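Here is the structure we will look at, set down as structure tokens.
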Amino acid sequence: MKRDIITSVIGILVLTLLLGIVYPLFITGVSQVAFPGNANGQQVFVGGKLVGSKIIGQNFGDVVLKNGKPELTDGNPVTVPDPRYFQTRPSATVPADNSGATAFSNLGPNSIATVTEIEGNIAAYIALDKAPDGTPYYPGGLTAAKVPVDAADSSASGIDPEISVANADIQAYRIAAVRHLSLATVHRLISQYTLGRGLGFSGEPGVDVLEINLALNNELAG
């Protein structure tokens, strides 16, 4: 029995060393040499400052202040979408677009909660399309029937970095008006930052939200 215990302990130590230390370090080293960008999360830097990732969606909103302090819900800051930027699709993570705890709603398609959530997302999308005086940016105004699917329903990951071209085209009217840019300029950026289908056939083309928002800042600065 003593020999069995000693053998087991040695086996645990050896396997821990090989699989818990040597193997992870080896794989990390190979990935850093072969494809460092992907291995480090495709980080995006502006002026030497980390501003996000190409593969992780993020919240482009302003924190709501109450009595000079951030308003909180369940300990998380309450935010409102910044109309100057393209907005990602709805997120089921808490807080929104939380890459540290990706999650989906886990609600069934026939759930009343699902219907309520989708209706709320549609209402928020339509509300964002209205100027302070109530005038819609989108010609003729938006209705529920015109809201793209990816603006109404959250994704499986909760941190999608892209939105559909249809979604971006609708938001373009708001962006152009708020930033005092021509609609043609915004549409040019949409085309520039539209990514094709995965491997040429999987999924649908999507617009990289972080990249196009950074480009909008450059347009304004220029």
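Laboratory data are not the source of any read-out in this text; all were calculated from the coordinates shown. It should be emphasised that the depicted structure is a prediction, and the values quoted were computed from it without experimental measurement. Positions of Cβ are generated from backbone atoms using ideal geometry, with glycine treated the same way; all protein chains shown enter the neighbour counts.
Structure data summary
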read-out: Spacing of the two label points (7 Å from each Cα toward its C-beta) at L18 and D82, in nm; value: 5.1
read-out: Highest average packing first - 172-182, 110-120, Cβ atoms within 10 Å; value: 172-182, 110-120
read-out: Table column - 3J(HN,Hα) (Hz), segment 156-172, Karplus curve with 6.51, -1.76, 1.60, x for Gly and Pro; value: 5, 7, x, 9, 4, x, 10, 10, 5, 4, 4, 4, 5, 4, 5, 5, 4
read-out: Nitroxide proxy distance, nm - points 7 Å out along Cα→Cβ at S31 and D153; value: 3.1
read-out: Packing-based ranking, highest mean first, of 6-16, 134-144, 56-66, 202-212 given that Cβ atoms within 10 Å are counted; value: 202-212, 56-66, 134-144, 6-16
read-out: 18 Å reach of a label modelled at L195, 7 Å along Cα-to-Cβ, counting backbone N of segment 116-153; value: 150-151
read-out: Farthest positive-ward along the chain dipole, Cα basis, beta-carbon charges - from A184, P70, V30; value: V30
read-out: Kirkwood hydrodynamic radius (C-alpha pairs) into Stokes-Einstein, the chain, 4 °C and 1.567 mPa s, D in µm²/s; value: 64
read-out: Using alpha-carbon coordinates, inclination of helix 23-34 to the longest axis of the chain, degrees; value: 50
read-out: Helical mean residue ellipticity (222 nm; -39500 (n - 2.57) per DSSP H run of 4+; nearest 500) of the chain; value: -12500 deg cm²/dmol
read-out: Cα-based helix-to-principal-axis angle, 183-192 vs the chain, degrees rounded to 10; value: 20
read-out: FRET efficiency estimate (nearest 0.05) - Cβ-Cβ, T135 to N110, R0 35 angstrom; value: 0.40
